[in-house]
1. Working carefully through the options A:TYR160, A:TYR106, find the one that is farther than 30 Å from B:LEU59 by Cα and aromatic (Phe, Trp, Tyr).
2. Could you check segment B:210-231 and list, in sequence order, the residues that are in a helix (DSSP H, G or I) and either within 8 Å of another protein chain (Cβ to nearest Cβ) or under 30 Å from B:ILE128 (Cα atoms) (or both)?
3. Among the residues in segment A:78-101, are any out of contact with any Gly (no Cβ under 7 Å at 6 or more places or on another chain), at the interface with chain B (Cβ under 9 Å from one of its Cβ atoms) and either surrounded by fewer than 15 Cβ atoms within 10 Å (Cβ to Cβ) or modelled with pLDDT under 85 (or both)?
4. Just one of the numbered conditions (1) at the interface with chain B (Cβ under 10 Å from one of its Cβ atoms); (2) crowded, with 16+ Cβ neighbours inside 10 Å; (3) more than 27 Å from B:LEU197 (Cα to Cα) is not true of A:ALA162; which one?
5. Being crowded, with 17+ Cβ neighbours inside 10 Å, in contact (Cβ under 8 Å) with a residue 12 or more places away in the chain and at the interface with chain A (Cβ under 9 Å from one of its Cβ atoms) is the filter here, so list the residues in segment B:279-300 that pass it.
6. Among the candidates A:ALA197, A:ALA146, which residue alone is without any contact (Cβ under 8 Å) to a residue 12 or more places away in the chain, on the phi < 0 side of the Ramachandran plot and buried (at least 21 other Cβ atoms within 10 Å of the Cβ)?
7. Hey, any hits in segment B:24-44 for a residue that's under 30 Å from B:SER191 (Cβ atoms), modelled with pLDDT of 80 or more, assigned to a helix (DSSP H, G or I) and among the aliphatic types (A, V, I, L, M)?
Amino acid sequence: MLSAVKRKRIRVSKVKRLSRSPVTTFFLAFMLFVVGVFMALPMVYAVVSAFKPMEEFFVFPPRFFVINPTTDNFILMGQLMSSMWVSFERYLFNTLFVSGLSTLIYTFIAVLASYPLAKHRFPGSKVIRELIVTALMFTSAVTGVAQYIILARLRLINTYGALLLPSLASTMGVFLCMQNLTLVPDEMLESGKIDGAGEYRIWWSLVVPNIKPVVATIVIFQFQSVWNQTGHHLIFNEALKPLATALSQITSAGISRAGAGAAASLLLMIPPILVFIISQGKVMETMVNSGIKG
Amino acid sequence: MIKSTNRKPRPMSLERKTKWFGWVFMAPWLLGLIYFFIIPFASSFIYSINFVTIGETGLDYEFLGLKNYAYMLQEDASFVRDVVGEVKNVLTQVPIILIYSIFVALLLNQKFPGRLFARSLFFIPVIIASGLVIQIIQKDLFANTNMRADESSIFQIGLISEILGNLNFASDLINIITTAVAQIFDLSWKSGVQILLFLSALQRIPPTYYEVASVEGANAWDAFWKITFPVLSPSCLLVGVYTIVDSFTSQTNPVMKNIITRFNEVKYGYASASAIIYFIVIGAFLGAVMLLARKRVHYT
């Protein structure tokens with residue numbers, strides 16, 4: 001019995017990184033709690049608002065919490081959606097298809113491209129690295145017109161491609177990946193080369209596992225940005241429009257749709273949050289056992 | 001292609017092989033970059049030296065030379081003023097955002113029950129603040145309240161001051177509290193991505209470093225400055241660059257708003273010219289930051 005306790009205690013002290021006084025621990029926990037409350041408030045507000053009956057939106061002074069929670073907003077939203085001639089499922093499919101595909105392809109090509117950029121020296125690599133930072137600054141708001149013309153020439157307007165292809169040219173993921181790869185020791189990659197691994201094998205078995213947290217971050221970024229795309233000016237066929245456009249149409253009717261709008265915004269938040277939780281969970285699980293030896 | 005440049009017919013050298021692989025690895029992404037960044041970039045430069053109108057077959061150009069630029073710098077008083085204001089804004093905000101997000105990332109990197117939940121909580125502002133959700137919330141939920149123009153202050157400050165007022169707090173104290181709350185709130189809304197980036201950097205620090213430190217008798221404070229901070233410094237630069245670019249190109253700042261409005265008014269030439277000047281300013285700013293940081297960053 002006693003020895004069991006002892007063994008347990010030893011294990012605990014092994015897991016614990018550094019001794020910290022209870023006061024510090026309490027202080028840290030308290031800070032986290034305070035800041036966490038701040039972060040949670042808008043989320044709570046969004047959830048609460050989605051269940052507010054119509055009258056409570058107009059109460060003065062405005063109230064934070066709901067008095068008589070109701071699901072009317074969701075029902076109204078459902079009615080509005082079903083009165084459109086394209087079904088809800090169709091919009092949902094469009095968005096999920098485009099954001100899912102874009103995330104998959106982009107993560108793959110961004111991690112692939114960042115490896116030679118960070119680890120190889122060849123003519124032109126410096127120019128491309130500089131270009132990446134330039135492209136970060138030159139946002140889509142500015143290149144929008146020229147992009148539209150290119151999409152039109154490629155005959156991609158009014159197809160999924162109009163949403164998908166420009167999102168694959170994003171430089172943010174490559175930038176993040178490249179910067180993180182500079183921290184992976186060259187010796188590790190060289191050891192792979194000495195063991196006879198080809199470039200592809202090195203990339204897949206040495207590079208990718210070592211930058212998993214960043215890969216997860218790219219997945220989140222990409223999914224989130226494509227998910228929010230409305231693409232009003234790129235897609236005119238109602239059956240191909242993403243969910244975000246459809247839901248913004250609901251709320252464009254003004255204040256009378258406040259409740260339905262709140263319900264819609266709550267609905268729109270869920271998938272990115274799920275993607276975040278899944279990918280972060282994966283990262284935490286894998287990073288526990290695989291310490292990188294620097 | 002390789003064979004023709006290779007004078008002696010022999011197997012590819014290692015150097016040549018890596019070069020070849022480099023281009024193959026980059027090809028899919030590079031193709032996208034050319035189509036959706038380099039060509040648009042070049043065409044916005046062409047717009048900027050022309051008077052652009054929409055004609056029947058596409059865009060019609062009328063060559064102006066540098067007149068767009070001259071007009072912007074000499075006659076358009078608001079442009080220069082807005083750019084200077086934005087530079088000041090970024091100078092004050094970025095350090096605060098960096099310190100705050102390192103702090104929160106350190107907290108979230110501790111082992112405690114529910115840390116996945118806590119992490120998601122800190123990322124939620126990013127999800128809400130980008131795209132449609134914020135528009136819906138702003139447009140509908142706050143249509144009847146006095147919202148500040150700043151997008152990040154989604155939460156009503158009026159509510160807090162009202163509650164405090166009911167509790168008979170002095171009005172000065174209420175002001176201090178509400179400003180502090182508003183600022184912390186703005187800060188936490190702008191730091192979601194940064195926290196995530198620092199977290200991913202922290203996860204790369206091998207636990208053995210800390211074990212060695214604790215064997216050597218270091219306390220948490222020493223461990224932070226001797227291990228965590230040096231390892232984080234390259235990420236500081238990365239996050240710094242991200243934050244600078246993000247705040248300069250946020251679509252809510254006056255300069256970007258101006259540029260976007262001009263585009264919507266079909267003044268493509270003038271809008272492109274102001275965009276190019278603005279990005280030269282951002283580029284110079286980033287260059288200065290990188291130059292300053294290069295000496296202080298540790299690469300392992």
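1. A:TYR106
2. Listed by number, the residues that qualify are B:TYR210, B:GLU211, B:ALA213, B:SER214, B:ALA220, B:ALA223.
3. There is no residue in segment A:78-101 that is out of contact with any Gly (no Cβ under 7 Å at 6 or more places or on another chain), at the interface with chain B (Cβ under 9 Å from one of its Cβ atoms) and either surrounded by fewer than 15 Cβ atoms within 10 Å (Cβ to Cβ) or modelled with pLDDT under 85 (or both).
4. The one condition A:ALA162 does not meet is (1).
5. Within segment B:279-300, B:ILE282, B:LEU286 qualify.
6. Step by step, each of A:ALA197, A:ALA146 is checked, and only A:ALA146 is without any contact (Cβ under 8 Å) to a residue 12 or more places away in the chain, on the phi < 0 side of the Ramachandran plot and buried (at least 21 other Cβ atoms within 10 Å of the Cβ).
7. yes
This table checks each residue for (1) touching a Leu at 6+ places or on another chain (Cβ under 8 Å); (2) touching a residue at least 24 places away in the same chain (Cβ under 8 Å).
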position: B:PHE51; (1), (2): yes, yes
position: B:SER78; (1), (2): no, yes
position: B:ARG81; (1), (2): no, no
position: B:VAL90; (1), (2): no, yes
position: B:GLN93; (1), (2): no, yes
position: B:GLN110; (1), (2): yes, no
position: B:ARG119; (1), (2): yes, yes
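The values are calculated or read from the model by the stated rules, or taken from the named source; none is laboratory data. Values in this document were obtained by computation on a predicted structure and should not be read as measured data. Using ideal geometry, Cβ is built from the backbone for each residue, glycine included, and neighbour counts are taken over all protein chains shown.
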